[in-house]
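What follows is calculated from the coordinates using simple rules that are stated; it is not laboratory data. Here the structure is a predicted model, which is why all the values come from computation and not from measurement. Cβ placement follows ideal geometry from the backbone for every residue including glycine, while neighbour counts extend to all protein chains displayed.
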Amino acid sequence: MSEEQKKINFFKALKNVMSNSEENASKNKAAQTEDEDNVLRHISLKTVTPTGENQETEKFTGISKATDLDIQFAENFVDSGGKFIFTENEEELIQFLASLKTENNWNNIFSIEQKINRLFQLHAFQNQNFDILLENADAAISMCYSLSATEGVIILSPEEATTRRLVTFPKNHIIIAYKNQLKKDIKEAILGFREQFDDRLPSVLELYNNKPVAKFNHKTLLSADGPENVFLFYIDKDIEQ
């Protein structure tokens with residue numbers, strides 16, 4: 001099997017995990033490919049934290065040994081407790097959002113970002129209800145600044161991080177990321193951030209216990225705390241500026 005086909009099978013497996021119920025998943029278990037079994041094994045792994053006495057200075061990397069950055073990020077992010085959904089374009093993103101909303105009985109997904117609201121309008125997804133406030137929403141949705149594959153974490157812009165720190169933030173957060181927002185590691189992500197935001201600090205959203213990435217980079221990163229359920233929709237195309 002070629003590396004490209006393995007990659008396709010990997011993301012197909014992640015889609016199946018998100019779209020099938022547990023009952024359907026058990027029925028289809030016998031038909032899963034070897035690559036899909038490996039993905040599900042990674043998804044079921046417990047949280048991994050650094051080992052050693054000096055955790056505050058030890059560099060942290062995720063469990064993934066993949067060479068492709070998108071697979072590496074997906075494996076590390078899912079291992080930390082996040083929910084990763086691979087989509088080829090915005091149309092498929094909206095389809096998955098609609099399914100997610102139905103399956104969880106959500107009435108409203110809150111967004112204040114113009115790019116996302118335009119996307120909703122373009123695909124006739126959910127009428128914008130301005131009477132719904134953030135604290136009354138079932139979930140919030142936002143963009144991000146970048147993704148770090150090695151650590152499996154999300155970098156937020158100052159505006160996005162400020163919103164996340166609100167006490168009224170709903171327990172479900174959906175984040176949209178594009179192909180060209182994927183970076184090799186925290187170091188590369190920070191370099192790009194500094195070029196745009198000068199002396200401001202990026203915020204890292206990570207789901208690992210004890211926040212090992214933030215500890216290692218405590219001088220150059222801020223922690224972006226928030227809800228437990230984080231869904232990352234990865235769109236396999238470059239973001240339009």
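A few points about this structure:
- The residues of segment 70-121 that are of a type in the set (Gly, Ala, Ser), crowded, with 20+ Cβ neighbours inside 10 Å and closer than 14 Å to Ile154 by Cα, listed by number, are Ala74, Ser80, Gly82.
- Note on segment 192-210: among residues that are within 16 Å of the chain's Cα centre (by Cα) and either among the charged types (D, E, K, R) or part of a loop (DSSP other than H, G, I, E, B) (or both), the one that is surrounded by the fewest Cβ atoms within 10 Å (Cβ to Cβ) is Leu207.
- Single unsatisfied condition, Ile239 versus (1) within 23 Å of Glu90 (Cβ to Cβ); (2) hydrophobic (A, V, I, L, M, F, W, C); (3) surrounded by 15 or more Cβ atoms within 10 Å (Cβ to Cβ): (3)
- Residue list for segment 208-235, restricted to those being over 17 Å from Ser142 (Cα atoms), touching a residue at least 24 places away in the same chain (Cβ under 8 Å) and not aromatic (Phe, Trp, Tyr): Asn209, Asn210, Pro212, Val213, Lys215, Asn217, His218, Thr220, Leu221, Leu222
- Top-ranked residue in segment 167-191 [being outside any strand (DSSP E or B) and touching a Pro at 6+ places or on another chain (Cβ under 8 Å); ranked as nearest to Lys83 (Cα to Cα)]: Lys171
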